[in-house]
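The values are calculated or read from the model by the stated rules, or taken from the named source; none is laboratory data. Bear in mind the structure is a predicted one, so any value in this text is a computation, not a measurement. Note: ideal-geometry Cβ built from the backbone for every residue, glycine included; neighbour counts use all protein chains shown. Accessible surface areas use protein heavy atoms only, side chains included; no ligands, DNA or RNA. Shrake-Rupley method; radii C 1.70, N 1.55, O 1.52, S 1.80 Å.
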Amino acid sequence: SKSGTTLEPLRLFDHFYSRASRPLGSSAGKSFAAITDPGSFLERQAKERGLRRVFINPPDIGGRYSALSLFGLVPAALAGADIGELLRRASAMARDCAVEDPARNPALRLAASMMALASEGRDKFSFLLPEELSNLGLWLEQLLAESLGKEGKGIVPVAEGAAPSPESCGLDRAFVHIGVDSKEDASSSAAVAALEAAGFPVLRTSLKDSLDLGAEFFRWEVAAAALGHLLGIDPFDQPDVQSAKDRTKAVLSSRSGGKLPYPPCTAAGEGFTLTLSKAAAKALREPAAGGEQTLGKFTSLLRPGDYIGLLAFMDSSGKTAAPLGRIRDSLCAATKAAVQSGYGPRYLHSTGQLHKGGPDNGVFLVLAKEHPGAPPIAGSDHSFPELIGAQALGDFQALDGAGRRAFFVRITGKTGDVLERVRRALVY
């Protein structure tokens, strides 16, 4: 935790430290290491609990720009990566990015290309990556959304996964394809070629192997800073991230009898309730009676050039990936809008800044699974499900406060069945 106060790592630390203390007693700290900024709360906790190692990062590096700092390098080393070679390639890219001529500077070329496309209305950038680089898309989403989505400006990055069909894409779309020379990826190449043949712009990059990620991290970080300059915003702050955090704390503190203060529902369906933000209710004008009927009006909120945020506060281990993927694919096919799909609370630290601080061109579907009766986290009065529920509700309140069009779906029934009913209601 850079700040040393980030909620999720601190609660996870409390939980696992408590678990380790049962067999290990006072030596439990030797099973942990911390990475944080100097003088932070986490550094003090680490010293008090006797952690095996505390890695102190330079404090002037922003969190999303820290892939090549201790925050990225310590986990990479633990995973067995050759961080010496990773940094050698990053250093070579740093030299290339110091060239003043934009035509010979790879980061400035990238920023100029993206800005030119965004100026033409193609401001939804989807990342098409091979399987071994799939998680790079999540990092790029955070880097660009949190750096650039503020003051009513920004571009919309999308960690796409599989390449969409040209028929499911609107004219506001552009694509970034990052391949690996040493790997054959025939299916991805064919899908990208189909998008290009249909007239969609594709920015291409090819890595020699996975260790080129060091260079790629640096190139994109400089490009993000340059894009911030071109957009006229500060790419190094995140003024709208705190609003959801503050609302989460308020939700937790206002629980009554262990129950979260959910807002009155607009409509209800089998296994779920539905609440609309003020902007969504105003746009619909005539709300439907039932939950499924109201969900059927969700896509009518879209205006030309809008994107959809599919925000799921539920199990991210893979159990919900297929039903959420079907919702995403159905929405794409039905609307041709870009769908930015994210699990909460992770997306709160990445695309959440864009959702509240960027342009009002997002329509959001917040899906929150209720898990009653879980035991509290060690040292606190709430459980992990209660914490995640509070984060979901806090983010919906932040979206509502920012005047965004949003639906909040509270799932009380069997997750897979409810998600399928939600999908059918959305697109039929």
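The figures follow:
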| quantity | calculated |
| --- | --- |
| Exceeding the 31 Å Cα-Cα cut-off - candidates Lys124/Lys278; Lys153/Lys245; Lys2/Lys297 | Lys2/Lys297 |
| Within-10-Å neighbourhood charge of Glu85 [Cβ basis; K, R +1; D, E -1] | -1 |
| Global form of the range 236-370, assessed from the alpha-carbon gyration tensor, a/c cut-off 1.5 | rounded |
| Heavy atoms of His15: accessible area, 1.4 Å probe, square angstrom to 10 | 50 Å² |
| With DNA, RNA and ligands ignored, accessible area of Asp417 (1.4 Å probe; Å², nearest 10) | 80 Å² |
| Sparse-neighbourhood loop sites, GluC sites (Glu not before Pro) in the range 27-113 - DSSP loop, at most 16 other Cβ within 10 angstrom | Glu100 |
| Local electrostatic count, Ile388, Cβ distance below 12 Å [Lys/Arg +1, Asp/Glu -1] | -2 |
| Gyration tensor (alpha-carbon) shape descriptor, the range 317-401, a/c threshold 1.5 | oblate |
| Highest-MSF residue in the chain out of Ser188, Ser277, Ser253 [GNM, Cα springs under 10 Å] | Ser253 |
| Over the range 1-146, equivalent-ellipsoid semi-axes from the Cα gyration tensor in Å | 37, 17, 15 |
| Span-like helix ranges in the chain, DSSP H, alpha carbon extent 15 angstrom or more, Kyte mean at least 0.5 | 106-119, 136-148, 186-197, 213-231 |
| Kirkwood-Stokes translational diffusion coefficient of the range 363-420, alpha-carbon pairs, 37 °C, 0.692 mPa s, µm²/s | 261 µm²/s |
| Computed Kirkwood radius, in angstrom, where 1/r is averaged over Cα pairs of the range 152-292 | 20.3 Å |
| Partners for Lys150 among aspartates and glutamates (Cα-Cα distance below 19 Å; same-chain residues under 8 apart left out) | Asp123, Glu141, Glu221, Asp234, Asp237, Asp240, Asp246, Asp306, Asp360, Asp395, Asp400 |
| Ratio Rg/Rh [Cα only; Rh per Kirkwood] for the range 190-272 | 1.21 |
| Candidate lysines - alpha carbon under 24 Å from Lys183, same-chain residues fewer than 8 apart omitted | Lys208 |
| Dipole magnitude (debye, nearest 20) for the chain, charges at Cβ of Lys, Arg, Asp, Glu | 1160 debye |
| Bins of 10 Å, starting at 0 and running to the largest distance - Cα pair percent for the range 1-42 | 29, 48, 22, 0 |
| √(5λ) per eigenvalue of the Cα gyration tensor, the chain, largest first, Å | 33, 32, 19 |
| Over the chain: helical MRE at 222 nm, DSSP H runs n ≥ 4 each giving -39500 (n - 2.57), nearest 500 | -13500 deg cm²/dmol |
| Among Leu311, Ser256, Ile61 - extreme Cα towards positive end, dipole of the chain, charges at beta-carbon | Ser256 |
| Proportion of all alpha-carbon pairs of the range 137-230 beyond 15 Å (%) | 66 percent |
| For the range 91-203: Kirkwood Rh in Å [reciprocal of mean 1/r, alpha carbons] | 15.1 Å |
| Cα-based shape type of the range 69-157, given that a ≥ b ≥ c are square roots of the gyration tensor eigenvalues and the cut on a/c is 1.5 | oblate |
| Directionally averaged projected area (convex hull, Cα atoms, the range 110-165), nm² | 4.3 nm² |
| Summed side-chain charge close to Ser21 - residues other than Ser21 whose Cβ falls under 15 Å, Lys, Arg +1, Asp, Glu -1 | +3 |
